[in-house]
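Peer 1: Next up is a structure, given as structure tokens.
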Amino acid sequence: MTGGCLAPSGFVCKETADLAETFPEELKLALRTFAAGQSRRGLAERSGHISAQYRERVPSAQHVAADEDALAYAMSRMPATYAAVSYALAEARDLIGEFTPGTMLDAGAGPGTASWAACEAWPELAAVTMLDHNERFLSLAQRLAEGSGHPALREARTVRGELTGLGGGRAKRHDLVTLAYVLTELPDERVVPVALDLWDRTEGVLAIIEPGRPRDYHRLMQVRDALIAAGARIVAPCPHAHVCPIVGDDWCHFSVRLPRSRDHQALKNARLGYEDEKFSYLVAARPPLAGQGGWSRVIKPPVATKFSIETELCTVSGLANERVLKRDGEAFKHARKIGWGDRKVDLQT
């Protein structure tokens, strides 16, 4: 997990596979229990249809219309979404050490994935509100939460409603607000207004996670600009609040690898026992909260040969490429352990 080790070379390393493995056992068991007696072929067909619609950016309200649809979605998408959200929340937790949320708003909650990830990251969470426009998702989210060992999940409040018209500054604020894989379903003109509405409902930290595609990343950068203009502090993944230095057809995204259960493989008609989930994310905080500075982000998979390792970094002063040679000894050994998305601490700060 992010922050798991500090190598002598100055890198903070993530154990990506370990992070993905944290998908709660009680959640796995609940999904298997709800699927008992269901046709796996039928669930797989529903999952395939939902995936096709998702790739076409069709709003979930149009293709998750039955309880079986919500269950198929949860079984096929919840593990990957959970891994990506956990990654983003781990960054928030590690970089804002004094942040311990008591209340949470899971906006566009779906089956409640972000709520589960937040309760794992901060067991102290006392109150969770799940907001979604789809009653099928909310029904499943509530049923799943009722079997959780986290009191905040068992007692979570579910609210059916749209993300627009949330009431702005007049609405109740929450310490933590999450928006996971929701903006991707919205038209361009609604993305920034929805994000700013949710910022108005944020007392501490706002975490936004989106698919790792160029379109979603570029729209996320529009949100980033709007949040900075509204006074937000950018915690992650950026080590700065300047204009994003990535230009052209390139985009900033990350990846987590997660294992697939037999049911997961069957629903996705997949042969591999693992899945790589690519995503982009943004963590913003209210000014009283400050992330730890003095680090750079590895923004692409390092390129390694027998004789050198090249790492592309986003730094406080822009993009940089770092090359470590084999003759550098210990630095080379540690550079071989560095992964995409890791933070590199500036040892001179």
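Peer 1: List, in order, the whole-Hz ³J(HN,Hα) value for each residue of the range 177-192 obtained from phi through the Karplus relation with A = 6.51, B = -1.76, C = 1.60 and θ = phi - 60°; use x for Gly and Pro.
Peer 2: Once rounded to whole Hz, the list reads 10, 10, 9, 10, 6, 10, 4, 4, 8, 8, x, 3, 5, 9, 4, 5.
Peer 1: Across the range 68-81, in residue order, what do the Karplus-derived ³J(HN,Hα) couplings come to in whole Hz, using 6.51 cos²θ - 1.76 cosθ + 1.60 with θ = phi - 60° and x for Gly and Pro?
Peer 2: 5, 5, 4, 5, 4, 4, 4, 5, 8, 10, 4, x, 6, 4
Peer 1: Next up: How much length is gained on full extension from VAL303 to ASP249, taking 0.36 nm per residue of separation minus their Cα-Cα distance? Please report the intermediate quantities before stating the final value.
Peer 2: On the way: separation 54, 0.36 × 54 = 19.44 nm, distance 2.01 nm.
Result for the pair: 17.4 nm of gain on full extension.
Peer 1: Quick one: the Cα spread of the range 228-267 along its three principal axes, in angstroms, biggest first?
Peer 2: 46, 26, 16
Peer 1: Let me ask another. Run the Debye formula on the Cα coordinates of the range 226-319, all scatterers equal and no solvent, and tell me log10 I(q)/I(0) at q = 0.10 1/Å.
Peer 2: Debye intensities relative to I(0), on a log10 scale: -0.42.
Peer 1: Could you go through the range 303-320 in sequence order and give the Karplus-derived ³J(HN,Hα) for each residue, using 6.51 cos²θ - 1.76 cosθ + 1.60 with θ = phi - 60°, rounded to whole Hz, and x for Gly and Pro?
Peer 2: Taking θ as phi minus 60°, the curve returns 9, 10, 10, 5, 10, 7, 9, 10, 10, 8, 10, 9, 10, 5, 10, x, 7, 8 Hz for the range 303-320.
Peer 1: Additional query: Describe numerically, in nm with one decimal, the distance between label points set 7 Å from Cα along Cα→Cβ at ARG32 and at ALA66.
Peer 2: Here the answer is 2.6 nm between the modelled labels.
Peer 1: Mind putting together the pair-distance distribution for the range 92-167? All Cα pairs, 5 Å bins, whole percent per bin, short to long.
Peer 2: It works out to 3, 18, 28, 22, 15, 10, 3, 0, in whole percents.
Peer 1: Mind ordering 114-122, 89-97 by average Cβ neighbours within 10 Å, highest first?
Peer 2: Working: 114-122: 25.4, 89-97: 21.6.
My ranking of the peptides, most packed first, is 114-122, 89-97.
Peer 1: With the Cα gyration tensor of the range 177-259 giving a ≥ b ≥ c as the square roots of its eigenvalues, does the rule (a/c under 1.5 for rounded; else a/b larger than b/c for prolate; else oblate) give rounded, prolate or oblate?
Peer 2: Values: a/c = 1.32, a/b = 1.20, b/c = 1.10.
Judged from the Cα gyration tensor, the range 177-259 comes out rounded (a/c under 1.5).
Peer 1: Taking the mean number of other Cβ atoms within 10 Å as a proxy for protection, how do you rank 79-85, 178-184, 225-231, 283-289 from highest to lowest? Could you put the intermediate results ahead of the total?
Peer 2: Details: 79-85: 25.1, 178-184: 23.4, 225-231: 14.3, 283-289: 18.3.
Highest to lowest by the protection proxy: 79-85, 178-184, 283-289, 225-231.
Peer 1: Moving on. Beta carbons within 10 angstrom, averaged per residue: use that to sort the peptides 302-309, 152-159, 203-210, highest first. List each step's numbers first, then the result.
Peer 2: Numbers: 302-309: 12.9, 152-159: 17.8, 203-210: 24.4.
The densest-packed peptide leads the list: 203-210, 152-159, 302-309.
Peer 1: Could you please state how large a percent of the accessible area of the range 268-337 is carbon and sulfur, counting protein chains only and using a 1.4 Å probe? Intermediate results must be reported in sequence, preceding the final value.
Peer 2: Numbers: 2100 of 4060 Å².
Accessible surface attributable to carbon and sulfur in the range 268-337 totals 52 percent.
Peer 1: Also: Is the range 78-209 best put as rounded, prolate or oblate by its Cα gyration tensor, with a ≥ b ≥ c the root eigenvalues, rounded for a/c under 1.5, and otherwise prolate when a/b is larger than b/c, oblate when not?
Peer 2: Working: a/c = 1.39, a/b = 1.13, b/c = 1.22.
Rounded.
Peer 1: Just the accessible area per residue of the range 237-349, please: how many Å² with a 1.4 Å probe? Kindly include the intermediate steps, with their values, before the conclusion.
Peer 2: On the way: 6300 Å² over 113 residues.
With all protein chains present, the range 237-349 gives 56 Å² per residue.
Peer 1: Translational D (Stokes-Einstein, µm²/s) of the range 167-211 at 25 °C and 0.890 mPa s when Rh comes from the Kirkwood sum over C-alpha pairs? Walk me through the numbers on the way to the answer.
Peer 2: Details: Rh = 10.8 Å.
Here the translational diffusion coefficient equals 227 µm²/s.
The values are calculated or read from the model by the stated rules, or taken from the named source; none is laboratory data. What you see is a predicted model; the values in this text were computed from it and never measured. Cβ sites come from the backbone with ideal geometry, for glycine too, and all protein chains shown count toward neighbours. Side chains included, ligands, DNA and RNA excluded: accessible areas come from the protein's heavy atoms. Shrake-Rupley method; radii C 1.70, N 1.55, O 1.52, S 1.80 Å.
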